[in-house]
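Written out below as structure tokens is the structure these notes cover.
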Amino acid sequence: MISSVILFSSVVLIITALQFRFIFKKKKRRDAWVFLGWMMIVWAAGLLFILGMKFPVPERALFPLWGK
């Protein structure tokens, strides 16, 4: 699991750095910072999923008569 976290983090870091530098050089500095913010959110969500986060599962149907 640790190797997955390290591999994922390094790939995200490399892609983010290259893309950030490309956008920043095109004189679109605000877009570069927005991209960096979104990539931080994506990285955090990816780590949570790798570490075993699961979505909550309802115990009973939300709409029991739906589909009958």
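Details
- Accessible area of PHE24 (1.4 Å probe, protein heavy atoms only, ligands and nucleic acids ignored): about 60 Å².
- Here the simple spin-label model places points 7 Å from the Cα toward Cβ, and for ILE41 and SER3 these points are separated by 3.3 nm.
- With Cα atoms, 0 to 90° folded angle of helix 2-25 axis to the chain main axis: 50 degrees
- Max mean-square fluctuation residue, GNM over the chain, Cα-Cα springs under 10 Å, options VAL12, VAL34, VAL57: VAL57
- Charges were assigned to the Cβ only: +1 to each Lys and Arg, -1 to each Asp and Glu. The resulting dipole of the chain about its Cα centre is roughly 480 debye.
- Projected onto their three principal axes, the Cα atoms of the chain cover extents of 58, 31, 14 Å, largest first.
- Accessible solvent surface per residue of the chain, calculated while the other protein chains remain in place, 1.4 angstrom probe, Å²: 93 Å²
- Within the accessible area of the chain, the carbon and sulfur atoms contribute 73%, probe 1.4 Å, all protein chains present.
- Backbone HN-Hα couplings from phi across segment 29-45 [Karplus 6.51/-1.76/1.60, Hz, Gly and Pro as x]: 5, 5, 4, 5, 5, 5, 4, 4, x, 5, 5, 5, 5, 4, 4, 5, 5
The values are calculated or read from the model by the stated rules, or taken from the named source; none is laboratory data. Remember, predicted model here, so these are calculated numbers, not experimental data. We place every Cβ from the backbone using ideal geometry, glycine too, and count neighbours over all the protein chains shown. Surface areas here come from the heavy atoms of the whole protein model, side chains and all, with no ligands, DNA or RNA. Shrake-Rupley method; radii C 1.70, N 1.55, O 1.52, S 1.80 Å.
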